[in-house]
1. Could you calculate the FRET efficiency of residue 140 with residue 227 from 1/(1 + (r/R0)^6), where r is the beta carbon distance between them and R0 is 30 Å, rounded to 0.05?
2. In the structure shown, do any of 67/197; 14/126; 79/197 have a Cα-Cα gap over 31 Å, and if so which?
3. Normalising by the residue count of the range 42-119, find the relative contact order in percent from Cα pairs under 8 Å and 6+ residues apart.
4. With each label point set 7 Å from Cα along the Cα-Cβ vector, what nm distance links residue 155 and residue 41?
5. Size of the range 54-113 along its principal axes in angstrom, Cα-based, largest extent first?
6. Can you tell me what the convex hull of the Cα atoms of the range 67-161 projects to on average, as an area in nm²?
Amino acid sequence: YAENTNLLVFQEKKVNRALIDKDAIYTAEGQPVTASTNLVIGQITPFEGNFGISRDPGSFAVHGYNKYFTDRDNSAVLKLGPSGIEQISNFGMIDYFRDILAQDGEIIGGYDIHNKNYVITLGEPKVTIAYDELINGFTSFFNYIPQLSTSCLGRYITFQDNAIWQHYVNTSYNNFYGVQYNSSVTFVFNPEPTRMKTFKTISYEGSNGWEVNNSNIISDPTGPTPTGVNYQDTAQRIYSYDEGVYIENGIPY
């Protein structure tokens, strides 16, 4: 990958930066030591860390000064930025990527310019997952399985079955390649059960009219209390914005 006057070289077990068609050594007066050279690729400088792109060049994607790729041999999803190589798979997904990168199959990477996400498709069977730079974490799984993905002129585009698909333009949400899917949200609470914590509420921000079945929101049992009682919360129907309005002290909420 050519970046300014450098060439980034992604090998199976290493990533290097090389000078392109320029002299690396200068005199005290600022003149090159050699007036002319036949070298096209000059001095090579490796990045810290024994990471490479393994045998999956299709996982490479770039946006701005960040480059994203996978290292199947080291069970890692990586970002190459100004500060060097960083393992973004360490952000809460170590076990997941260790297992899925051990599977066979092609890895497809692309950058979603619309949502500012690195989108990667991998595993057998294939899954698609997105990494969000703003929160340093993987935010969502997707049902669509592209053969290629890229961004162009502010549009996120994928390729499937000899067709080009532009995302975020459908009138129906979660409709990929002519197939309609449903959304689901899984909340994970209490990662440290020995510490006392208080959870306030679950907040949703989005279009009006969404509804959650009460059978889908059930807390884990808590207790027993000193009186020997176990508690378990079950949510009632969650109303839409208009349906759920109520008045308190003359103020609608």
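Laboratory data are not the source of any read-out in this text; all were calculated from the coordinates shown. Everything quoted here is computed from the prediction, not taken from an experiment. Quick reminder, even Gly has a Cβ in these numbers, built from the backbone with ideal geometry, and neighbours come from all protein chains shown.
1. Numbers: r = 42 Å, r/R0 = 1.40.
Step by step, r from the Cβ atoms, then E = 0.10.
2. 67/197; 79/197
3. Values: 115 pairs, mean separation 21.0, N = 78.
Relative contact order, the range 42-119: 27 percent.
4. Once both label points are built, they end up 3.6 nm from each other.
5. Each principal axis gives a Cα extent; for the range 54-113 these are 30, 22, 20 Å.
6. Details: hull surface 25.3 nm².
Mean shadow area of the hull around the Cα atoms is 6.3 nm².
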